[in-house]
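The next block holds one structure in the form of structure tokens; read it before the comments.
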Amino acid sequence: MAQTIRPAGSRSATGRRATGSLFATDGKPHPLQDTLLAVTLVLGALAFVTAMFHHLHLISSWAGLVGILTGGYGMYVSRTTGERFGLIIGLGASAVGFFLGMAHGGLFGGVIT
């Protein structure tokens, strides 16, 4: 039976050493890119979920803005298609959360008058 994920240190079907990363399909470790991917996905999920509540617009707009910035830099330095795929998902969720947060009150709505 074929393995979907091989443990770190084993050889892949192409003869390259596996890195243990799900998104590093070139056989090399990418710690910066994996960290940016994780941060973008977490901020995107936070922005998207909190955008559904009008009174949480500060969280959704700030998390969305930071998620867009980290995702944009992650796209700039990404090396594999898997990393780019995850970054696009995180960027989309961050953008939706950011725009809905801006529509509900913005980055400083109610804090600065």
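Annotations for the structure displayed:
- Spin-label model distance (nm) - HIS55 vs THR25, 7 Å beyond Cα toward Cβ: 4.5
- For segment 28-113: accessible area per residue (Å², 1.4 Å): 55
- When HIS104, HIS30 are compared by accessible surface with a 1.4 Å probe, the order from highest to lowest is HIS104, HIS30.
- Under 19 Å from the ARG79 label point (7 Å along Cα→beta-carbon), backbone N, segment 24-44: 24-40
- Area of VAL49 that stays accessible when all protein chains are in place (1.4 Å probe, Å², to 10): 80
The values are calculated or read from the model by the stated rules, or taken from the named source; none is laboratory data. Not measured: the values here are computed from a predicted model. FYI the Cβ positions are ideal-geometry reconstructions off the backbone, even for glycines, and counts take in every protein chain you see. These accessible areas exclude ligands, DNA and RNA; they are computed on the full protein's heavy atoms, side chains included. Shrake-Rupley method; radii C 1.70, N 1.55, O 1.52, S 1.80 Å.
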